[in-house]
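In what follows, a single structure is set out as structure tokens and then discussed.
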Amino acid sequence: MEKDFFYSDMALDNLERGGFESIAQHKKLSYGIEQIVVNLKDKVLSDKVGKPQGVYVTYDVSGATDDRYADYLVRILSSTITQLVGGLARGSIVLSVGLGNGEVLADSLGEMTMRKLRPTRVEYLTDTKFKLCAHSLGVQGATGLKSHEVLSALNDKVKPSAIIIVDTLATSNVGRIGTSFQLSTAGIIPGSGVGGDKPRMDKWVFGVPTLSIGVPLVMNMQGVLKDFVSDFFEDKIDQFKFSSTLAEKGLSRLVVAPKEVKIFLENASNIIAGALNLAYSK
């Protein structure tokens, strides 16, 4: 896998790039939705694919045939969330956090979703099955605090039975922008899809099931340009020269989003928040 050019948060992107599509399990659902499950159950397989060990469940809605798919997907996501998190005792605290920069539209999925949740960890609600709480972590540039530092502190103080992280994802496949919902028991490495290198947030760090949920809304320009150029030249590209040229022109760290990102963002946040409310705000 060409890591110099290839950045993505999507397990399916890695499978396609590495020729491992056969390990994905596909299932057609109602309203044109497709479920794809990838189980990276051991380190050998995880290293080959280039993603941390865990289960990755993706719902592709690019073929949705009816506006009613959204309500249906909310129910499906809610069921999948509870299955991946595992059984929780009555009264368990579920901590949901949103990553990303709320001031940047394409990166605000986490914050927008948190605003749409119905927290039940409040004093006047005494007969709820679960205690759902929500918080947006922000970004270090605005707060001076790293996301993993804030979440670690919340985990120590709140002592949740499960953590759910919502964030904008990056993809290398333009067809997945706004149309794929990925859930993963492997947690998340913030910024990894755009070449960042930040501490992992997962169950091994926090000691409780840690589920990540996201929708790809951005692409890394470096990978996009490499794929575009490759389509027109049969000879192998000089990767070093290509990478150096992109860096010199300031393109290597450029991240792009579609003009419809606001529509995708509103739809994705409604669906994810609806699924979390259905699962734990009761």
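The values are calculated or read from the model by the stated rules, or taken from the named source; none is laboratory data. The model shown is predicted, which means the values in this text are computed figures rather than measured ones. Ideal geometry is used to build each Cβ from the backbone, glycine not excepted, and the neighbour counts take in all protein chains shown. SASA here: full protein model, heavy atoms, side chains in, ligands and nucleic acids out. Shrake-Rupley method; radii C 1.70, N 1.55, O 1.52, S 1.80 Å.
Annotation: residue 74 fulfils all but one of (1) over 17 Å from the mean Cα position of the chain (by Cα); (2) over 16 Å from residue 211 (Cα atoms); (3) not hydroxyl-bearing (Ser, Thr, Tyr); the unmet one is (1). Just one of the listed residues (44, 55) is open to solvent by 30 Å² or more (accessible area, probe 1.4 Å), part of a helix (DSSP H, G or I) and not small (Gly, Ala, Ser), namely 44. Within the range 113-125, does at least one residue satisfy the condition of being under 25 Å from residue 190 (Cα atoms), open to solvent by less than 40 Å² (accessible area, probe 1.4 Å) and free of Cβ contacts under 8 Å to residues at least 40 places away in the same chain? No, every residue in the range 113-125 fails to be under 25 Å from residue 190 (Cα atoms), open to solvent by less than 40 Å² (accessible area, probe 1.4 Å) and free of Cβ contacts under 8 Å to residues at least 40 places away in the same chain. The set of residues in the range 13-30 that are surrounded by fewer than 17 Cβ atoms within 10 Å (Cβ to Cβ) and not acidic (Asp, Glu) comprises 18, 19, 22, 23, 24, 25, 26, 27, 28, 29, 30. All conditions but one from (1) at pLDDT below 95; (2) out of contact with any strand residue (DSSP E or B) (no Cβ under 8 Å at 6 or more places or on another chain) apply to residue 82; the one that does not is (1).
Against the numbered list (1) in contact with a Leu (Cβ under 7 Å, 6 or more places away or on another chain); (2) surrounded by fewer than 16 Cβ atoms within 10 Å (Cβ to Cβ), residue 79 comes up short only at (1).
Within the option set 95, 109, 73, being at pLDDT 95 or above and in contact with a Cys (Cβ under 7 Å, 6 or more places away or on another chain) holds for one residue only, 95. Taking only the range 191-242 into account, find how many residues are surrounded by fewer than 22 Cβ atoms within 10 Å (Cβ to Cβ), small (Gly, Ala, Ser) and at pLDDT 70 or above. Looking only at that region, the number is 1. Of the residues that make up the range 75-86, is at least one part of a loop (DSSP other than H, G, I, E, B) and touching a helix residue (DSSP H, G or I) at 6+ places or on another chain (Cβ under 8 Å)? Looking for residues that are part of a loop (DSSP other than H, G, I, E, B) and touching a helix residue (DSSP H, G or I) at 6+ places or on another chain (Cβ under 8 Å), one finds none in the range 75-86, hence no.
Condition check ((1) of a type outside the set (Gly, Ala, Ser); (2) closer than 24 Å to residue 265 by Cβ) across all residues:
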{"position": "75", "(1), (2)": "yes, yes"}
{"position": "80", "(1), (2)": "yes, yes"}
{"position": "88", "(1), (2)": "yes, no"}
{"position": "98", "(1), (2)": "no, yes"}
{"position": "103", "(1), (2)": "yes, yes"}
{"position": "111", "(1), (2)": "yes, yes"}
{"position": "115", "(1), (2)": "yes, yes"}
{"position": "126", "(1), (2)": "yes, no"}
{"position": "173", "(1), (2)": "yes, yes"}
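Candidates 186, 134, 170: the one that is surrounded by 14 or more Cβ atoms within 10 Å (Cβ to Cβ) and assigned to a loop (DSSP other than H, G, I, E, B) is 186.
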